[in-house]
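The structure under discussion appears below in the form of C-alpha cells.
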C-alpha cells in the first residue's frame, strides 16, 4: 500500500502546481500581451472610458444609432442568448414589441425594411456591431432630431464601416459605440 501512496501524493502535488499555479500564470502572461492588457479593449473619450470595443451598449435616445438588442441587458458577466425558438409565443411577442417601437421612432421606415438584427438579440447578447444597412435605416431619424444633413450621416456611416476580415471572411459591420462617439463630434 505504501508503494502506491507516495507516488500518488507526489503526482497530485505536481498536478496541483501545474494546474493551479503554472497554467494560470501562463494564461495571465499571455493575456498581458493581448490588446488592452487582458482587461478588454476600452474606448475612451477625453480620457474617460465610455465602453468596451467588443461589448454592445444600450442606446435608446433618438439622437443616437441603436445597436442590437440584448437578451441579457448587456451584462457581460451573463453573456447568453434568449434560448427561445422562432415559434415561441413569448419570443414572437418580444420581437413584435421591438418592431413596433422601432416603427414609432422611425415612421418613414416600413416593417419589411427593418434589418432583423435591430429586433433580435445575438447569441451572446453582447454584439457591439450592426450591419451598414441597419445603421443607414436610422439616418432619417437622427438627421431630423439633430438637424444634420442626411448625406453627412451617410458619409459618417461609410467611414465607420469595417469590411470583411481580409476582404473575404464575414460581413461588413459598424461598431455602434464608435459611430455614436463620432456622431457626437459632428458639427
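Brief remarks on what is shown
- Computed from Cα positions, the angle between helix 150-159 and the longest principal axis of the chain comes to roughly 20 degrees.
- Extents of region 1-77, taken as max minus min of Cα coordinates on every principal axis and listed largest first, are 75, 29, 14 Å.
- Translational diffusion coefficient (Stokes-Einstein; Kirkwood radius from C-alpha pairs) of the chain at 10 °C, 1.306 mPa s, in µm²/s: 81 µm²/s
- Region 26-53 and region 70-90 have Cα centres spaced 26 Å apart.
- Helix 23-33 vs. the chain, principal-axis angle (Cα, 0 to 90°, nearest 10): 40 degrees
- Between helix 89-105 and the chain there is an angle of about 40 degrees, using the helix long axis and the longest principal axis of the Cα atoms.
- Most mobile listed residue (37, 125, 67) in the chain, GNM with C-alpha springs under 10 Å: 37
- Cβ-based exposure ranking for 6, 172, in which fewest neighbours within 10 Å come first: 6, 172
- Helical mean residue ellipticity (222 nm; -39500 (n - 2.57) per DSSP H run of 4+; nearest 500) of the chain: -12500 deg cm²/dmol
- Equivalent-ellipsoid semi-axes of region 96-187, from the Cα gyration tensor, Å, largest first: 21, 19, 11
- Hydrodynamic radius of region 42-145 per Kirkwood, over alpha carbon pairs, in Å: 14.6 Å
The numbers here are math on the coordinates, done by the rules we state, and not lab data. Note that the structure is a prediction, hence the values are computed from the model and not measured. In this analysis, Cβ positions are derived from the backbone assuming ideal geometry, glycine residues included, and neighbour counts consider all displayed protein chains.
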